[in-house]
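Please treat every number below as a calculation from the coordinates, not as lab data. Computed from a predicted structure; not experimentally measured. All Cβ positions, even for glycine, are placed from backbone atoms using ideal geometry, and neighbour counts span all protein chains on display.
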Amino acid sequence: MRTKVYELVGSLGDGGAETLVKDYALKLDKEKFDITVVVWNDPRESANVKRLRENHVRVLPVYHTPSCLERVIRKIFEKRYTAYRLGRLVDKEKPDIIHVHLQNLQTLSYISKKLTSIKLFYTCHSLPENMIGRPGSSEFDAARLLIDSNKLQMIALHEAMADEIDTMFGINNTAILNNGIDVARFENVDKTKLEIREQIGIPQNAFVIGHIGRFSYAKNHEFLLELFDKIHTKNSNAFLLLVGAGELKESVVENIKHRGLEQSVLILSNRKDTECLYKAMDVFAFPSRYEGFPVSIIEAQAAGLRCFVSDQVPKETCATDLVSYLSIDSSDIWAYAIENGAETYHSDRTLEQYDMKEIIKQLQNMYMMENDK
């Protein structure tokens, strides 16, 4: 009998965590695992949703189209009512494993007594203090409850994060699972750079600075536009390619208009062909304020791109000799580095360590080991 797994992610936009969940759902061995991606609402047609549905992976919303009464109830009771709805699904379908992603632990904690026979996992996709908070915060207290009452297995993206989580909760068993990618997909693109640029509308002679990431505070698009403005002032052929969606997209568009850069910036959202978009770029810029483990930097390296990355991003993201880590205190430093080069970071890590084939094997072993206890 297959092990029934709920990947609980809340929503299925095109962010890094959501994309990772999509990859898990697609690549877990279907002969061993029955995978359902659980979201709160009927998902919009993001690239991740489309990919899952094309491959016949079930996306299960806790709410379908709610009635007016249900909307009122949900507004009043918020996460408790969502937990009630989730509990009904759990009672009906009886999953063996629930793997929680993003900030959804509080909702799960309300039905902890229903979950005593279910193996629980939680992946921290960003800085633990941001994702889980501190003692007294709703997510932290929910994690504490689930660790103590339900043996919640914490998963970190790298060693420093695992140490931090262990310290936060006084435990010593936080597992480490690297974010993975399909390395071959980004190394072997069958279109040329010129063909891709023509398809998406980028001038053939442009010097393209690229960025892939959610339009959010953490990604620091204001800095990226300030940096690009300085480069564009010196080089009119400079072009900025932004790929993503998110709550700050409109403010980014306004910033572009304010700087008069509309003809030199292209924004693309909900794309399934990111391997082609990397190939259209000349360099990759990633000036985040903070990060857990952004998989796009690994993808960019697999695509052979020179990467200029914020020094607030974990150094574990370096798997080649293509990465420079720079302070986000000065956009002038970044502009100079992109134009003239900069010292690269040395790492003993390799791209093979981030190959999704190996990551999936590790995840399956975690699931089966826990499931056998």
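Would you work out the relative contact order for the stretch 62-120, in percent, from Cα pairs under 8 angstrom that are 6 or more residues apart?
Numbers: 34 pairs, mean separation 22.5, N = 59.
Once normalised by length, the contact order is 38 percent.
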- Task: Counting other Cβ atoms within 10 Å, keep those with at most 16, restrict to DSSP loop, and tell me which GluC sites (Glu not before Pro) in the stretch 240-337 are left.
- Result: E247
- Item | In degrees, nearest ten, helix 79-93 long axis to first principal axis of the chain (Cα) | 70
- Query: With springs only between Cα atoms under 10 Å, which of N172, N255, N41 fluctuates most in a Gaussian network model of the chain?
  - Reply: N172
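List the GluC sites (Glu not before Pro) in the stretch 5-91 that DSSP assigns to loop (not H, G, I, E or B) and whose Cβ has at most 10 other Cβ atoms within 10 Å. Which are they? Spell out each step's value before the answer.
Working: sites: E7, E18, E31, E45, E54, E70, E78; in loops: E31, E45, E78.
Answer in residue order: E31, E45.
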- Task: Quote the relative contact order of the stretch 262-353 in percent (integer), defining contacts as alpha-carbon pairs under 8 Å separated by 6+ residues.
- Result: 24
- Task: Any chance you could give the angle, 0 to 90 degrees and rounded to 10, that helix 16-27 forms with the longest Cα principal axis of the chain?
- Result: 60
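So which trypsin sites (Lys or Arg not before Pro) in the stretch 42-122 pass both tests, a DSSP loop state and at most 16 other Cβ atoms within 10 Å of the Cβ? Write down the numbers at each step before the final one.
On the way: sites: R44, K50, R51, R53, R58, R71, R74, K75, K79, R80, R85, R88, K92, K113, K114, K119; in loops: R44.
Listed in order of number, the matching sites are R44.
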- Query: Could you state the number of Å between the C-alpha centres of the stretch 48-85 and the stretch 87-153?
  - Reply: 18
- Task: Give me the distance between the Cα centres of the stretch 299-341 and the stretch 159-189, rounded to whole Å.
- Result: 20
- Over 26 Å between C-alpha atoms is what I'm after, so list which of K4/K114; K75/K219; K22/K219; K32/K79 land there. K75/K219; K32/K79
- Query: Pairing the Cα long axis of helix 138-150 with the longest principal axis of the chain, what angle in degrees results, from 0 to 90 and rounded to the nearest 10?
  - Reply: 50
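Do the sum for the chain: with -39,500 (n - 2.57) for every DSSP H run of n ≥ 4, divided by all residues, what is the mean residue ellipticity at 222 nm, to the nearest 500 deg cm²/dmol? Write out the running numbers ahead of the final one.
Values: 16 runs with 156 residues, N = 373.
It comes out at -12000 deg cm²/dmol, rounded to the nearest 500.
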- Straight-distance crosslink candidates among aspartates and glutamates, where the alpha carbon sits under 15 Å from K234 and sequence neighbours closer than 8 are dropped: E226, D332, E339
- Cα gyration tensor category, rounded, prolate or oblate, for the stretch 290-330 with a/c compared to 1.5: oblate
